[in-house]
Amino acid sequence: MFRSLHMKLMLIMVLLIVSLMTVVGSFLINSVVTFYLDEFYEQMGSKFMDDQDFVDALRIAGEEETSGAQAIQDVLEANVGSLGVDSHARNYYILNGVTGAYLAGSNDELGASLEPTPNLYRALQGEVGSQSNVAVDFMDFAVPIERGGNRYIIYILDSRETVTALNDQLFFIILESLVFGLIISILLSFLLSKTMIAPIEMLTVGAERVAAGDFSHKIDVASRDEIGVLTNTFNNMASQLQTTLQEVENERNKLDTLFLHMTDGVVAFDPSGAVIHVNPAAQGMLGRRVGGADSYGALFGEIAPLSRLLALRQPGYLEEEMQVDDRSLELLLAPFSGENQGGVMVVIHDVTEQRKTEEERKEFVANVSHELRTPLTNIRSYAETLAGDGGDLPPEMRKNFFDVILNESDRMTHIVQDLLTLSRFDSGKNELKLTCFSFEKMVKDVYHAVLLEAGRHGHALTLDLEPGLPELTADRERVTQVLMNIISNSIKYTPDGGRIQMSAGVTANGRKVWLEVADNGIGIPKKDRNRIFERFYRVDKARSRESGGTGLGLSIAREIILQHKGTIGIVDTEEPGLTVRMTLWIEGPAHE
C-alpha cells in the first residue's frame with residue numbers, strides 16, 4: 001500500500017500536520033495551565049502580601065467584635081472581586097488555625113468536606129501555603145492569620161474548572177484545526193506528488209522502454225529543475241546507449257561472421273572445462289559434433305592438462321599436435337581472462353595438406369636425386385673407363401660405351417624436360433594452344449605412329465572408333481602427348497604378344513569425347529591405382545627403369561588433361577590388364 005510515492009508523500013504530510021498540531025496543542029494547553037497557576041498565585045500573593053490595608057483589616061480586631069471568623073468573612077466579602085472569588089470555581093474558607101476546622105466561607109457545603117492539602121498543612125504550621133502543583137486538578141492558597149488573640153487560616157481554593165473549560169475549548173479548536181490541516185495537507189500532498197511524480201513516472205516508462213530495447217522514445221522535459229536535468233540526462237544516456245549498443249552489435253556481428261566462417265577451428269572453455277563456444281570449422285576438423293556435454297578433458301585432456309593452461313600467464317601459450325583419423329591438426333592452446341571470468345581458448349589449424357606437401361617435397365627431392373644419380377653414375381663410370389683404358393679397348397666395346405653414355409644423357413635430358421614441363425604447369429605458365437581439329441584423325445595418326453612399335457613386341461593393336469566423331473577444340477600437341485604416353489605404357493608393360501585396344505567416341509550428353517586404351521598386360525594392383533598419377537610413383541621401380549621410365553609421364557598427362565578441364569583415370573574391369581580412360585570437352589575447356 002505504501003510502496004506508492006503518492007501514498008508516501010501523503011503519509012509524510014499527514015504525519016507532519018499531526019505532529020505539528022500535537023506539539024502546538026500540548027504547548028498551548030500547558031501554557032494555559034501554567035498561566036492560570038502563575039496568575040492565581042501572583043494574585044493571591046499581591047493581595048495577602050503586598051496589600052497592607054487588606055492585611056491589617058484581616059488582623060486587627062474591633063473593640064466590640066464578638067466573632068473573629070465573621071469579621072474576617074466580612075473583610076473577604078468586601079474583596080471578593082480582587083480575590084476572584086465567584087462561589088462556583090473559586091471559594092474562600094476560614095478555618096481554625098489550630099485544628100483546621102471549618103468556621104466560615106463562601107460555600108458552606110464544600111467547606112464542610114475540605115480535604116487536607118500540602119499548602120493547608122503549611123498554614124497550620126504557621127507558614128504561607130503557596131506551592132503550585134500542575135499535576136493536581138485544583139489551585140489553593142492558605143494564609144495563617146492571628147486576630148484578637150485567635151489563630152485563623154484563610155484558605156482560597158480554585159477547582160480549575162475555568163482552566164479545564166478553556167483547555168477543552170482549546171482542544172476542540174486544535175482538533176478542528178487538525179482536521180482542516182489534514183484535509184489541506186492531503187490535497188496539497190496530491191498536488192505536490194502529482195507535480196513531482198509525473199516526471200518520475202515518465203522516466204520510469206522511458207527506463208522500461210529502454211530496458212526492452214526501444215531507444216527511440218524521448219521523454220518531454222517540461223521543467224528546468226533537478227527532475228528536468230535528470231530527464232535531459234536520461235535522454236542523452238539513452239541516445240548514447242543506443243549508439244554504443246549499435247557499435248557493439250556491429251562488432252559482435254563481425255566477430256560472429258569471422259568466427260563462423262574462419263577456416264581455423266576455435267573452441268573456448270570456461271575454467272571448469274565446459275564448452276562455451278565452438279565454430280563449424282572446429283567440429284569438422286575434430287570429426288565430431290561438439291556440444292555442451294563435451295568438456296576440455298574429453299577433447300584435449302591428453303594433449304595438455306587444463307590446470308597447466310590456466311596456470312600460464314598471458315601472453316603464454318602452448319603449441320601441440322594431434323591426429324584425428326587421417327588429419328594432422330596443429331593446436332594453439334592459450335588461457336584468456338575477462339572481468340568476471342576466464343577460460344581456455346584452443347585454435348585448431350589443419351596442417352594435413354601442409355604435412356602431405358612436405359612429405360611429397362621430400363619424396364620428390366629424393367626421387368629426383370635418385371633418378372639423376374643413376375645415369376650420372378653410369379656416365380661417370382663409362383667415361384672414366386674410356387679415359388683410363390680407352391686406347392686398349394676394342395673398337396666395338398668403345399662404341400658400346402659411347403652408346404651407353406649417350407643413352408644415359410638422353411635419359412637425363414628427358415627427366416629434366418619432364419621436370420621443366422611439370423614446373424611450368426605448377427607455375428601456371430604453360431598455356432594451352434587451342435585449335436579446332438579432327439579428333440578422329442588425331443587418334444588415327446597416333447595409332448599409325450605406334451603400330452610399328454607394337455608390332456616389334458608382337459602386340460595386336462586394334463582401333464575401334466564410333467562413327468561421326470566431331471571436331472575437337474584443344475591443344476592438339478598436348479593431347480597427342482597424353483595419348484602417346486598412355487599407349488607407350490601399354491606397350492612397355494604388356495608382355496610380348498599381348499593385346500592392346502584403342503577406343504574413342506562421344507559421351508551420352510554429346511558434349512564430350514572419350515578415349516580408352518585397354519591392354520591385357522601386368523596391370524596395376526588396386527591399392528596402387530590411386531597413386532599412379534603421382535610424380536615419380538612406380539609400382540615396380542626396377543622394371544620401370546629397365547624400360548626407361550621416369551615415373552613422370554602419367555603425372556604430365558594428368559596435368560595436361562586437368563588444364564583442359566577434362567578427366568583421366570583407370571577403369572575398373574574384371575579382365576586382366578589395365579584400361580585408362582580420358583574425356584575432353586568438345587568445345588574446349590571454357591565450355592565445361
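Worth a mention:
- Other residues with beta-carbon under 14 Å from the beta-carbon of ALA518 carry, at +1 per Lys or Arg and -1 per Asp or Glu, a net charge of -4.
- About the centre of its Cα atoms, the chain shows a dipole size close to 4980 debye [charges on the beta carbon of Lys, Arg (+1) and Asp, Glu (-1) only; nearest 20 debye].
- Here the dipole of segment 200-280 is about 120 debye; that uses its Cα centre as origin and unit charges on the Cβ of Lys and Arg (positive) and Asp and Glu (negative).
- Distance between modelled label sites at ALA508 and PHE180, nm, 7 Å Cα→Cβ extension: 11.1 nm
- Taking 0.36 nm per residue of separation and subtracting the Cα-Cα distance, full extension of the segment from LYS492 to ARG581 would add 30.2 nm.
- Acute angle (nearest 10 degrees) that the helix 161-211 long axis makes with the longest principal axis of the chain, alpha-carbon atoms: 10 degrees
- Calculated FRET value between GLU396 and ALA449, using beta carbons and R₀ = 41 Å, to 0.05: 0.80
- With every protein chain in place, the chain: carbon and sulfur % of accessible area (1.4 Å): 55 percent
- Adding -39500 (n - 2.57) for every DSSP H run of four residues or longer, then dividing by how many residues the chain holds, sets the calculated 222 nm ellipticity at -17500 deg cm²/dmol.
- The 1.4 Å probe gives accessible areas that order ASP410, ASP519, largest first, as ASP410, ASP519.
- Surface exposure of the chain, expressed per residue as accessible area with a 1.4 Å probe, stands at 58 Å².
- Here the calculated FRET efficiency for LEU187 and GLU208, from their Cβ-Cβ distance with R0 = 35 Å, stands at 0.70, rounded to the nearest 0.05.
- The length gained by stretching the chain between VAL32 and GLU471 to full extension, at 0.36 nm per residue less their Cα-Cα distance, is 144.6 nm.
- With a Förster radius of 41 Å applied to the beta-carbon distance between ALA101 and GLU39, the computed FRET efficiency rounds to 0.85.
- Only Lys, Arg, Asp and Glu carry charge here, each on its Cβ (+1 for the first two, -1 for the last two); on that basis segment 100-259 has a dipole of about 300 debye about its Cα centre.
- Pairs of Cα atoms nearer than 8 Å and 6+ residues apart set the relative contact order; for segment 26-104 it is 20 percent.
- Computed label-point distance, nm, for sites VAL18 and LEU432 using a 7 Å Cα→Cβ extension: 10.2 nm
- Calculated mean projected area of the Cα convex hull in nm² (choose from (i) 63.2; (ii) 24.2; (iii) 33.7), label: (i)
- Taking label positions 7 Å along the Cα-Cβ direction at both ALA334 and LEU166, the computed distance is 9.3 nm, reported to one decimal.
- The C-alpha atoms of the chain define a longest principal axis, and helix 226-261 lies at about 20 degrees to it.
- Extension gain, ILE303 back to LYS194 (0.36 nm per residue minus Cα-Cα distance, nm): 32.4 nm
- Charge tally around ALA504: other residues with Cβ under 9 Å, Lys/Arg +1 each, Asp/Glu -1 each, net -4.
- Mean separation of Cα contacts under 8 Å, 6 or more apart, over the residue count of the chain: relative contact order %: 7 percent
- Relative to one another, the C-alpha centroids of segment 288-309 and segment 125-190 are positioned 93 Å apart.
- Measuring between alpha carbons in the structure, the pairs from LYS362/LYS565; LYS8/LYS194; LYS527/LYS565; LYS441/LYS512; LYS362/LYS492; LYS444/LYS527 lying more than 22 angstrom apart are LYS362/LYS565; LYS527/LYS565; LYS362/LYS492; LYS444/LYS527.
The values are calculated or read from the model by the stated rules, or taken from the named source; none is laboratory data. If you're wondering where the values come from, they're calculated on a predicted model, not measured in any experiment. Heads up, the Cβs are rebuilt from the backbone with ideal geometry, glycines too, and the neighbour counts pull from every protein chain shown. To get the accessible areas, we keep the full protein, side chains included, count just its heavy atoms, and leave off ligands, DNA and RNA. Shrake-Rupley method; radii C 1.70, N 1.55, O 1.52, S 1.80 Å.
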